[in-house]
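Here's the structure, in structure tokens; my notes come after.
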Amino acid sequence: MTMSRLEIPVLLWWRMIQQLRKRGGGEHESGTFLLAKTHSRRVSRFICYDDLDETALESGIVTFHARGFVRLWDICQKERLKVVADVHTHPAGWTGQSESDRTHPMIAKAGHIALILPHFAQRTKRSLNGVGIYEYLGNHAWKTCYAKSGPVKITLL
């Protein structure tokens, strides 16, 4: 498998964190997709789950429905973008993958990156410290990764 790289501009990362904080309100999970131009690994946009599926955050955990994917693929096609990662929040400091996270990847394609932010993103800074980073290998298998090391290189620019 080739090395996955992901570049995220710091300003975009910070704006994304602010949206996740706002949407989760420090009380429930929230999430977003990170998008890049078709032939790039540099994130150029994010779209929050509840902008695509207005009921995605209603239960307190992320429950993303098919209508949200239809809207996502529509945007990707129109703007010549692709999904390179997804980000969601967890309560407290644990950033491991839940059983649901492991068995229901948001994008079930090898090489997709999933990031998990602790404390509903309320304490997340302008770095990747404390963020859970996982690469989907296919067939419900995941690899735990670390920013700037191992098979996945994530850099905040």
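Side notes on the structure shown:
- Too-long pairs where the Cα-Cα distance tops 21 Å, listed order kept, from 22/125; 37/109; 109/143: none
- Proximity of backbone amide H atoms, modeled 1.01 Å from N, is registered between residue 44 and 35, 36, 37 at under 5 Å, excluding neighbours fewer than 5 places apart on the same chain.
- Karplus-derived HN-Hα couplings along the stretch 92-108 (A = 6.51, B = -1.76, C = 1.60, θ = phi - 60°), whole Hz, x at Gly and Pro: 6, x, 6, 10, x, 8, 6, 4, 5, 4, 5, 8, 10, x, 4, 10, 8
- The phi-based Karplus calculation (6.51 cos²θ - 1.76 cosθ + 1.60; θ = phi - 60°) puts the 3J(HN,Hα) values of the stretch 12-29 at 5, 4, 5, 5, 5, 4, 4, 5, 5, 4, 4, 6, x, x, x, 10, 8, 5 Hz, whole numbers, x for Gly and Pro.
- Counted by neighbouring Cβ atoms within 10 Å, the residues 125, 78 run from fewest to most as 78, 125.
- For the chain, the relative contact order is 27 percent, taking Cα pairs closer than 8 Å that sit 6 or more residues apart in sequence and dividing their mean separation by the residue count.
- Amide proton proximity set for residue 6, modelled H, under 5 Å, gap of 5+: 153, 154, 155
- Our Cα-only numbers for the stretch 4-149 put the radius of gyration and Dmax at 13.9, 38 Å.
Values quoted throughout were computed directly from the atomic coordinates according to the rules given, and no laboratory measurement underlies them. Keep in mind that what you see is a predicted model, and the values were worked out from it rather than measured. Note that we place each Cβ from the backbone using ideal geometry, even for glycine, and neighbour counts take in every protein chain shown.
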